[in-house]
Structures are given as structure tokens and as C-alpha cells.
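The structure under discussion appears below in the form of C-alpha cells.
The values are calculated or read from the model by the stated rules, or taken from the named source; none is laboratory data. Predicted model, so just to flag it, every value in this text is computed and none were measured. Cβ placement follows ideal geometry from the backbone for every residue including glycine, while neighbour counts extend to all protein chains displayed. Quick note on the areas: whole protein, heavy atoms, side chains included, nothing else; ligands and nucleic acids left out. Shrake-Rupley method; radii C 1.70, N 1.55, O 1.52, S 1.80 Å.
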Amino acid sequence: MGSIRVRTQTGKLFFDFRFSGKRCREQTALDDTPANRKKLLGIMERIDAEIVLGSFEYGRYFPNSSNAGLGLIREVEESKNDTPLFATFAETWFAEMRAQWRDSYSDTIRGTMDKYLIPQFGELEVGTITKADILQFRAALAQSPGRGNGLLSPSRINHIITPLRLILNEAANRHNYSSPYEGIKSLKVPRTQVEPFSLEEVNLILKHVRADYRIYFLVRFFTGMRTSEIHGLPWKKVDFNLRQMQIHQALVKGKIVPTKNDGSFRSIDMSNPVFDALQVQKEISGEHTYVFSNRAGDPLNANNVNNRIWLPLLRYLNLDRRRMYQTRHTAATLWLASGESPEWIARQMGHSTTEMLFRVYSRYVPNLTRQDGSAFERLLTENLNY
């Protein structure tokens, strides 16, 4: 039988009873007076009677309680005991979702399922997987080897866990039980590592890079294009009259695909150095489909450029090893250093808002006065001498 008790620290009354094998204590805002005790005892008697009859609905009495779902325990357990194996349900989910994904994303999810999720959960009934199972799996991932000699990063772990969350949530929705993923937050990911090159370093690189790659890296440094975007850039999207490049597609795993999101579908303004360089490049590769291509006219291979051109050049110049993606960060920081408008920079980068710009590059914002690209033009004109 339940009882009405008083919390000594506050003098407020609370319900104390057992339901579904669990001790439940629900606080009230009522002071400990005879009238209030009598009122709550009447409610407690009704709760006791409904528990005995099996008709007690926790959420009806305590809708804001974390225990509000206890009244559905029997129904939930019955539902969870009649669910397919995780491997079976995951395959069904993957087949249904695949039509709305890009091939590259589909391949990523497929790889995650095959390497991590199905080996871990495949033989379990999807409805029997618990929150503890998920947390134990995530903890094991945190001790798994990642790139180089390190462990899997929080970002990589979150990407592995994401399809697991989607699968478990969908299974819970279809089989009418609470998802075990509720209340689990993603691991905190460190801020993006920004290691841009200074303008002096950019000059050094452009002076010493192989001649047939000088224009390629100049365009990367001064437009902020991603590797997939510059490798998938066709000449038909370069408009010399408007002095713009239309970024509508990208080269991902050897396939031309639309840009990754609506913000990435954009126009990039050509500064004078980029405009002049592309005029020269037109004479070199204008007969091919892509602005930067190999001798056969096919798009450049990112691994070849990285391993045969980029990394050896950094070693030769005694510069810190950095990913080619830092050319994109370099463009952003040069624009900010020259005082360009954050809104203009965000559009050039393919960001839908300036939020990421300020979050990632906040320490590179000395002033925010220019709006039209002229400050960047002046910075390049005064400092480039390659």
C-alpha cells in the first residue's frame, strides 16, 4: 500500500508507492497540513485500488513524471518480445531508405552496417536491445583503432552510431515500444581543426609547386572550393563574362553527383588572379570537359594529387603536414583578414548562414567592413609575386 510522506528539507508532501516492481515517489507542492494529507490520502487510495485492478495509468495522475510511461510496461514488453532479428530489420530499413540517398552515402551506410552494426547486434531481436547495450558498444568503439596510430575519433563514432539510432528508432516506432536510444546524446566533437596557410606560405607554395599544378592550387587557395568540387568542375560552368564559377556538381568516389546540399549549390566570384589563371588554363585544357583533368581528359584523382604533388611539396618546403582541405580554410581566413563581408564569404564557401563562419574562424575576424570582394582583390594584388 502507498503512503503520503513529507520531505523534511522542504516540508512538502509526496506520494510513496510501488508499481511494476519499482518504488515511485512523486512530489507535490502541498505543505504538510491535516487537510492536505487527507486530500492526498484519498488520491493514494484510488491509485492503490487501480494498481490492484490493473487499470492504473501512471501518466493520468502524474503526466509530467519521468515514470509516466510505466503504465504501458506490460504492453511494451509483449511487443518487444515479438520483433525480428536486428540483421533482418536493418536490411529492410536499408532497402527502404536507399532510394532517397546518394550512392556515396548509401555506400557509407552499407559499410557501417557490415563492419560494425550487424556483427555486434545482428543475432539479437531488435526489440531486446537495451540502452546499456548501445552505451557498451559505443564505449568499445572509443577504444578501437582509427586512422594512423590513434583511436576512433568522436566524430567517427557518432557517424557509426547514427544508422544504429535510426534503425532502433524506426523499429520502436513500427513495433510500438519505446526506443532504447532515448536520452543518449552524441559524443562531443572538438572544433574543426583550422590550420590555414599564411599569404607568405601560399606564395611559397605557388612558386615551387610543379608548373602544371600551379593554376590548380591557385584556384583552390583563392576560391575555397572543396576537392570534390574543383575536380568535378566542368568548363561549361565557368562564366568568364559574369566572372563566376557555378558549383553545381562534385566528383565523389569517381562519380559526378550534385553538390552535397542546397548551400553548396552556389556561384563563386572570380578574383582577378583566379580569372587570369583560368584564362590560361582554358588554353591548356579547354578541349576537355573538366577544367582540371589528366592527359586523357578525365577528372583528377584526389589521392594521386595528394600523395604525388601536395605532401612531397610540403616536405620539400619544410611546412607542417596538412590536408589539402586547408586550402579551403586558407581562402576563408584570407577573405576575413581582408575585411570582406561575412555574408559574402558564407555564400562563396557554400554555407547557408554565417554561423559556421564565426564558429570556425572567429579568431580570424579583425573587422567586418567590406561587402563586395574589393578588399580581397587589393590584398592579392599587393602581395602576390609568384
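Out of all the residues in the range 186-202, is one or more free of Cβ contacts under 8 Å to residues at least 60 places away in the same chain, among the hydrophobic types (A, V, I, L, M, F, W, C) and within 25 Å of residue 264 (Cβ to Cβ)? Within the range 186-202, one or more residues are free of Cβ contacts under 8 Å to residues at least 60 places away in the same chain, among the hydrophobic types (A, V, I, L, M, F, W, C) and within 25 Å of residue 264 (Cβ to Cβ). In the range 275-292, of all residues being open to solvent by less than 40 Å² (accessible area, probe 1.4 Å) and in contact with a Lys or Arg (Cβ under 9 Å, 6 or more places away or on another chain), the one that is farthest from residue 206 (Cα to Cα) corresponds to 291. The criterion of being touching a strand residue (DSSP E or B) at 6+ places or on another chain (Cβ under 9 Å), in contact (Cβ under 8 Å) with a residue 12 or more places away in the chain, more than 15 Å from residue 217 (Cα to Cα) and in a helix (DSSP H, G or I) does not hold for residue 378.
Within the range 36-53, the set of residues being aliphatic (A, V, I, L, M) and open to solvent by 70 Å² or more (accessible area, probe 1.4 Å) comprises 41, 52, 53.
Checked against (1) open to solvent by less than 50 Å² (accessible area, probe 1.4 Å); (2) within 31 Å of the chain's Cα centre (by Cα), residue 235 meets all criteria but (2). Just wondering, is there one or more residues in the range 243-253 that are open to solvent by 30 Å² or more (accessible area, probe 1.4 Å), closer than 26 Å to residue 354 by Cβ and not polar (S, T, N, Q)? Yes, there is a match, as at least one residue in the range 243-253 is open to solvent by 30 Å² or more (accessible area, probe 1.4 Å), closer than 26 Å to residue 354 by Cβ and not polar (S, T, N, Q). When residue 205 is tested against (1) under 29 Å from the mean Cα position of the chain (by Cα); (2) crowded, with 19+ Cβ neighbours inside 10 Å; (3) at pLDDT 95 or above; (4) outside any loop (DSSP other than H, G, I, E, B), only condition (1) is not met. Against the condition assigned to a helix (DSSP H, G or I), open to solvent by 50 Å² or more (accessible area, probe 1.4 Å), modelled with pLDDT of 90 or more and under 13 Å from residue 85 (Cβ atoms), how does residue 120 come out, does it pass? So residue 120 fits the description; yes.
For every residue, the table says whether it meets (1) in a helix (DSSP H, G or I); (2) in contact (Cβ under 8 Å) with a residue 60 or more places away in the chain.
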site: 313; (1), (2): yes, yes
site: 328; (1), (2): yes, yes
site: 331; (1), (2): yes, yes
site: 345; (1), (2): yes, no
site: 352; (1), (2): no, yes
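Within the range 333-358, the residues that satisfy the criterion of being among the hydrophobic types (A, V, I, L, M, F, W, C) and under 16 Å from residue 191 (Cα atoms) are 356, 357, 358. Within the range 180-200, restricting attention to residues that are crowded, with 17+ Cβ neighbours inside 10 Å and not hydrophobic (A, V, I, L, M, F, W, C), the residue that is farthest from residue 331 (Cα to Cα) is 180.
The single condition among (1) closer than 30 Å to residue 254 by Cβ; (2) at pLDDT 95 or above that residue 276 does not satisfy is (1).
Being without any contact (Cβ under 8 Å) to a residue 24 or more places away in the chain, of a type in the set (Gly, Ala, Ser) and within 29 Å of residue 103 (Cα to Cα) holds for only one residue in 224, 232, 263, 254, and it is 254.
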